[in-house]
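Notes follow the structure.
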Amino acid sequence: MAHPELFDYLFHPAVLDLMEPLLGPNIALFSSHAICKPALDGKRVPWHQDSFYWKHLLTPVNVVTVWLAIDASDEDNGAMRVMPATQFAGDVDYDDVDLTVNTFPKAISKQFLNEAHAVTLCLQPNHASLHTAALFHCSEPNRSQRRRCGYTMRFMSTEVKYNTEAGFYHQIYLARGKDIAGNVYGDPDKPRQDLIEARLGRVRRGH
């Protein structure tokens, strides 16, 4: 919403060609943002599904995230961890967690977790991982002297209906193809200063 130049990357054919086999030919940009863990950042991102936080915004929550590494991302500096095949688990229960050591207030209940199956997504700069909104994932604190920065590009099928009443502080954009669900899309050539100001203080630090 602040820097239209980013759409040169977000709408690049190389990125959208990754999405089309997963989402189909009609693709919308749901969101994008840089996520940085400074050196020696002491908080973890607990196990969660992105869909848990987006279900009031999207029907259905059919989103795929491209997590592009700006810095090297590894076990020492808090790389993302995933639990394979959990995108098929459906909705699960969540428990409250301690916000002094976690970035989110809730985490997937322990009975749904088997951390022995968790995989750390170690990435070099310019490498990327992809995950769906339903996949269980988390990340540990950055205990290293190195920053860990990534850029997320989150796309959805235009068959997904975006709830504008719940998403007052947000804007989606048509990336490829045509609208199916009757959504309203923003102009990628125009910054949205009104939304930038409205979002101040509302954005959580992620992973």
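The values are calculated or read from the model by the stated rules, or taken from the named source; none is laboratory data. Values in this document were obtained by computation on a predicted structure and should not be read as measured data. Note that each Cβ is placed from the backbone with ideal geometry, even for glycine, and that neighbours are counted across all protein chains shown.
Quick one: would you say residue 161 is at pLDDT 95 or above, farther than 20 Å from residue 45 by Cα and of a type in the set (Lys, Arg)?
When the stated conditions are applied, residue 161 passes them.
Applying the selection to the range 13-54, what residues are without any contact (Cβ under 8 Å) to a residue 60 or more places away in the chain and exposed (fewer than 12 other Cβ atoms within 10 Å of the Cβ)?
Hits for the range 13-54 are 13, 14, 17, 21.
Return the residues of the range 160-195 that are within 22 Å of residue 22 (Cβ to Cβ) and not in a loop (DSSP other than H, G, I, E, B); say none if nothing qualifies.
Answer for the range 160-195, where residues must be within 22 Å of residue 22 (Cβ to Cβ) and not in a loop (DSSP other than H, G, I, E, B): 161, 162, 173, 174, 175, 176.
Look at residue 80 and say whether it is more than 17 Å from residue 138 (Cα to Cα), at pLDDT 95 or above, out of contact with any helix residue (DSSP H, G or I) (no Cβ under 8 Å at 6 or more places or on another chain) and surrounded by 17 or more Cβ atoms within 10 Å (Cβ to Cβ).
no
For residue 104, indicate whether it is out of contact with any Lys or Arg (no Cβ under 9 Å at 6 or more places or on another chain), of a type in the set (Phe, Trp, Tyr) and outside any strand (DSSP E or B).
So residue 104 fails the test.
Is it the case, given these coordinates, that residue 101 is more than 19 Å from the chain's Cα centre (by Cα) and either in contact (Cβ under 8 Å) with a residue 24 or more places away in the chain or farther than 23 Å from residue 60 by Cα (or both)?
yes
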